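Scroll down for the structure; my scribbles are underneath it.
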Amino acid sequence: MTDPVRSCILTRDRDGRHQLVRLALSPDGQIFPDVRAKAPGRGAWIGVTRTELEGAYAKGRLRGALARAFKTGDFTLSPELPALIAAALERNALDRLGLEARSGLLLTGTDKIETAARSGQLHALYHAADAGEDGMRKLAQAWRVGADREGSDLRGLALPVPRPILSLALGRENVVHIALTDRAAAKRVSEALDRWLHFIGPEPLTGARRQTSPEAQSAPCETASQGASAPGFAPARDEDGASPAAIVHEEFE
């Protein structure tokens, strides 16, 4: 199914709706994030980062763009909107991980993930922000062996949340590493993570670490291509336009 294309009200750039964030206008005149695009009525779409959105708010560009999109200036625009969007995108991404866990398509635990990785069953690999370097390297090596990509720099992505938050989201204890063994589930998770990581942009204080490589970045995939970067790392979009949430996956066919 083709993802409907929408235009960002601030940049006019066009992209699939799953790569943008929808804003909605409530009956009481409040602008609020509608990240699952379920609210009724007219919507306004944005594809910018949090820093860019805050700049547009400060300069009055956001209000003007929203007034044109909703065809009215009779609304309340809170300065907390960027924070609300970030929180909604985080919740959406964590909920997506929780749904895949309950569907039995997500693995936790170093031993289980290593076994699946070495047998070629992995399609995505993620880590808590406070995961140990040794554990991440061990699982990355197992994934490369199972994917027949030894000598490459195929590896997972450290998310901008620590293990207590991941554990709560998945309803499991001490979640440090996460792996997806289903291609479709990996794509769904990638789309949710891509929007979140793109929007929040670099946040060094989270301690999250990006783990990518030129080889992984050049691999084609069908996931969102917002060019998100894990907090604390490089620019939002690399030279090939790959997003960190996408590049930790094998090709989605």
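Derivation of every value follows stated rules applied to the coordinates shown; laboratory data play no part. Since we're looking at a predicted model, the values are computed, not measured. Don't worry about glycine lacking a Cβ; one is built from the backbone with ideal geometry, like all the others, and counts go over all protein chains shown.
Restricting attention to segment 162-190 and to residues that are closer than 12 Å to Ala93 by Cβ and out of contact with any Gly (no Cβ under 9 Å at 6 or more places or on another chain), the residue that is surrounded by the most Cβ atoms within 10 Å (Cβ to Cβ) turns out to be Ser190.
From Leu154, Leu159, Leu170, Leu106, grab the single residue that is aliphatic (A, V, I, L, M) and farther than 17 Å from Val189 by Cα.
It is Leu154.
Being of a type outside the set (Val, Ile, Thr), over 16 Å from Ala24 (Cα atoms) and assigned to a loop (DSSP other than H, G, I, E, B) holds for only one residue in Ala117, Ala129, and it is Ala129. What do you reckon, is Asp3 in contact with a helix residue (DSSP H, G or I) (Cβ under 6 Å, 6 or more places away or on another chain) and surrounded by fewer than 15 Cβ atoms within 10 Å (Cβ to Cβ)? Judged against the criteria, Asp3 is a match. Any idea how many residues of segment 142-161 are crowded, with 22+ Cβ neighbours inside 10 Å and more than 21 Å from Val175 (Cβ to Cβ)? Within segment 142-161, residues that are crowded, with 22+ Cβ neighbours inside 10 Å and more than 21 Å from Val175 (Cβ to Cβ) number 1.
Applying the selection to segment 72-114, what residues are among the acidic types (Asp, Glu) and under 30 Å from Ala24 (Cα atoms)?
Initially, segment 72-114 is screened for residues among the acidic types (Asp, Glu), giving 74, 80, 90, 95, 100, 111, 114.
Correct list: Asp74, Glu80, Glu90, Asp95, Glu100.
In segment 114-126 there is no residue that is acidic (Asp, Glu) and surrounded by fewer than 22 Cβ atoms within 10 Å (Cβ to Cβ).
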